[in-house]
Every structure is written in C-alpha cells, then in structure tokens.
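> My questions all concern the structure below.
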Amino acid sequence: MLVYSGAAIILLVGLALFFPTWTPKIEGKNSISILEQVEINGTGHELLIRGQDKSNPIVIFVHGGPAVSEIPYATKYQDLLEKDFTVVRYDQRASGKSYHFGEDYSNLSTDLLVEDLLILTDYISARLNQEKVILVGHSSGTYIGIQAAQQAPDKYEAYIGIGQVSSIVDSEWDSMNYVIDQAKQSGNTTDVQYLQGLTEQVRNGTALVPRQYVHKYGGAARLIDAEADMEHGLWFGPEYNLLDRIRYNRGAAYSQGILIRQALAEPLPTIVTKLEIPVYFLMGQYDYMTSAKSAKAYFDQIEASSKEFIIYEQSAHYPQFEEKETFSKWMVDSFVQQ
C-alpha cells in the first residue's frame, strides 16, 4: 500500500510540474488570446497577449518586483481593459516563466532589460501591425519603462508610470516614517523598536524598509489582498504550473539584489529628466512601496511634451487593480475616446 501511495504522490507531483499552461480563449472574429514563449534578444520571453479586437490600441505592461511577474493577476484584473485594448504582459529576462534553468544570467542589468523591452516592443508592433504602443510600467518596472520611453519615443504613444520609482532613498525614508507612525498608532512597541533600529541604514541607502511591515500597515494594498491574489494566480491560474512557480522563486532570488542595487546606484531623477511623449504618473494615495510624495517630486522635475500626475485616493501600490474600474475608464477616456 505504501508503494502505491508513494507512486501516486510522485505521479501527482509530476503532473503538477509539467501540466500544460494556457490562457482562456476570448471569443470573437478578431480577438487574440495567446500565452507563448518567444525569443527576444537572445533569450526566451513569456508573452501573454489578450484582447477582444487586436486592432485596438496596444498596451505593454512592464512588471515590477524586480522579477515579480504580473501575469498571475491578469485573469482577475484586466478583463475590462481587454474590451478596448490589446493587453501585452511579459515575464522579463530571468523572471517567472522567462527564467531558464542553466542559462547564464551573469550579464543581467537594468540596461539589458531596457534593451529587451525595446526589442520586444518592435516585435509586438510588427506582429499586430501597429506603429506605436502605450507603455505602462508598474513599481520597479517603471525604472525600466521610463528609460525605454526616453530612448525610443518614436515607439510609444505615451508613458504611464504606476507606483512610479523616483529616488529610492527618499521613497524608503517616507516609507520608514509611515510604518513607524502606524506602528505607534497601533501601540505595537515591538515593531516600533525594531523599525527604529533600521532608520540609519534606510536613511543612508544601505537597506530598504522590510516589505512585511509595509504590507502590515497598509502601504502596499488596501482594497485588495495583492499577495493572496498573486499566490492564487501562481498556484491555481492556468498560466502557471508548479515548475513555473519554481522558476518564479529562483528568478526573484537571483535578480532582486542585482537590480535593486543598480537602481539605488543610479536614481531615476539623475538619468531620465526629459521625455518627448506624454507622461502620466498614477499613484495610490497610500502607496509606501514607492511613495507618492517622492514620485511627485520627481514628476515636477521632468520635462515632457505633456504630463499629468494622478492620485487614486483609495489605493496604495496597486491602483490599477484596487480601483480597476476607475483605471480602465481613465485608459479609455485618455486613449480611445479622444
């Protein structure tokens, strides 16, 4: 009996590891619903392309983390966008389903991820026969996205930064003050003491505020449970299997330290100061993963053909999910009904 039980467990694990992944079909003559691996700039990139009409404007989303895929959020949060846009999400090099066991990632850098994005943009534009796309970065993805928009404005209709990265040191200091204040208000002296012990490291840029405290005190998400949604998408969504979940963990463990150090060493306000396309920063009022205050200071410095800073008053770091109806309407009003 034990032999049979062991064999059954091995079989189940094997099925979970290699279970085929897909994206639900969108009905319609001109619809598109594709999940596939495409070679971009010398390595396989996982692409999710969905929309009710592939002649609609294209939106490319650049995920954050670093190395935290946002494909697992798609089923729950992008259905409204798919009515009026062709939505493209991709797992960046060494992230999620684009992490390949045995591949050499010793050259991984933010510059390389920007290069990947520019080449991917050309691929998508050619595939869908559209000259320009709308570029949306989220969280640390804004560090990549805004540099791509600066380098190749001819490829993009507009740049949208959600949870926009600015000076990481300044943003983390805002975050530290917030979580300490919230811990004091809640009477949690243990948290206060621990966090106060980190203040010098955070202020001088040698440490980030531990993310579990930002989550705990409402600086990450307020209207949704972003972590639970991610876990559900990774474990039960059709786009990921168990092997992909392992890829996701390996990629994040490898990439995050490298990319965060680079972003700390080269703050965005020192490298991107002017854009030749319309620029929008969309920030949650309660965002302390990338503080709205710090993002506004950066926004005020940027020169652009046009620019707008938008606050979502009920949200934290995920306004595109927390207030998805408001976000979808804004996208339609801004880029479809003109």
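The values are calculated or read from the model by the stated rules, or taken from the named source; none is laboratory data. Please read these numbers as outputs of a predicted model, since none were measured by experiment. Cβ: placed from backbone, ideal geometry, glycine included. Neighbour counts: every protein chain shown.
> For region 92-107, what are the residues that are touching a helix residue (DSSP H, G or I) at 6+ places or on another chain (Cβ under 6 Å) and either in a loop (DSSP other than H, G, I, E, B) or under 19 Å from residue 142 (Cβ atoms) (or both)?
Answer for region 92-107, where residues must be touching a helix residue (DSSP H, G or I) at 6+ places or on another chain (Cβ under 6 Å) and either in a loop (DSSP other than H, G, I, E, B) or under 19 Å from residue 142 (Cβ atoms) (or both): 92, 93, 94, 95, 96, 99.
> Here's another thing I want to ask about it. Please work out which residue is surrounded by the most Cβ atoms within 10 Å (Cβ to Cβ), limiting yourself to region 132-156 and to residues that are touching a helix residue (DSSP H, G or I) at 6+ places or on another chain (Cβ under 7 Å) and among the charged types (D, E, K, R).
The extreme case among them is 155.
So that you can scan it fast, the table gives a plain yes or no per residue for (1) under 25 Å from residue 226 (Cα atoms); (2) over 20 Å from the mean Cα position of the chain (by Cα):
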{"residue": "114", "(1), (2)": "no, no"}
{"residue": "121", "(1), (2)": "no, no"}
{"residue": "127", "(1), (2)": "no, yes"}
{"residue": "130", "(1), (2)": "no, yes"}
{"residue": "135", "(1), (2)": "yes, no"}
{"residue": "141", "(1), (2)": "yes, no"}
{"residue": "145", "(1), (2)": "yes, no"}
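> For residues that are surrounded by fewer than 21 Cβ atoms within 10 Å (Cβ to Cβ) and among the aliphatic types (A, V, I, L, M), tally how many sit in region 80-94.
Within region 80-94, residues that are surrounded by fewer than 21 Cβ atoms within 10 Å (Cβ to Cβ) and among the aliphatic types (A, V, I, L, M) number 1.
> Mind checking which residues of region 40-79 are more than 20 Å from residue 139 (Cα to Cα), buried (at least 24 other Cβ atoms within 10 Å of the Cβ) and small (Gly, Ala, Ser)?
Once the filter is applied, which keeps residues that are more than 20 Å from residue 139 (Cα to Cα), buried (at least 24 other Cβ atoms within 10 Å of the Cβ) and small (Gly, Ala, Ser), region 40-79 yields only 51.
> Next question. When you go through 202, 209 one by one, which is the residue that is in a helix (DSSP H, G or I) and surrounded by 19 or more Cβ atoms within 10 Å (Cβ to Cβ)?
Of the residues listed, the single one that is in a helix (DSSP H, G or I) and surrounded by 19 or more Cβ atoms within 10 Å (Cβ to Cβ) is 202.
> Within region 49-68, does at least one residue satisfy the condition of being more than 17 Å from residue 244 (Cα to Cα), assigned to a helix (DSSP H, G or I) and of a type outside the set (Ser, Thr, Tyr)?
Within region 49-68, none of the residues are more than 17 Å from residue 244 (Cα to Cα), assigned to a helix (DSSP H, G or I) and of a type outside the set (Ser, Thr, Tyr).
> Still on this structure, please answer the following. I'm told residue 264 meets every condition in (1) closer than 30 Å to residue 305 by Cβ; (2) at pLDDT 95 or above except one. Can you identify the failing condition by its number?
(2)
> Let me ask you something else. Residues that are surrounded by fewer than 19 Cβ atoms within 10 Å (Cβ to Cβ), at least 3 per element: which helices (runs of 4 or more DSSP H) completely within region 238-324 meet that? If you could, list the steps in order and put the result at the bottom.
Details: elements: 242-265, 268-271, 292-301, 319-322.
Result: 242-265, 268-271, 292-301.
> Sticking with this one: Residues 227, 200: which one is more than 21 Å from the chain's Cα centre (by Cα) and acidic (Asp, Glu)? Please lay out each step first, then the result.
Values: 227 fails: more than 21 Å from the chain's Cα centre (by Cα).
Going through 227, 200 in turn, just one is more than 21 Å from the chain's Cα centre (by Cα) and acidic (Asp, Glu): 200.
> Another question, then. Would you pick out the residues in region 246-293 that are farther than 30 Å from residue 182 by Cα and in contact with a strand residue (DSSP E or B) (Cβ under 6 Å, 6 or more places away or on another chain)?
Correct list: 274, 275, 277, 278, 279.
> Still on this model: Could you grab me the full set of residues in region 117-148 that are hydroxyl-bearing (Ser, Thr, Tyr) and either closer than 23 Å to residue 281 by Cα or not in a helix (DSSP H, G or I) (or both)?
121, 139, 140, 142, 143
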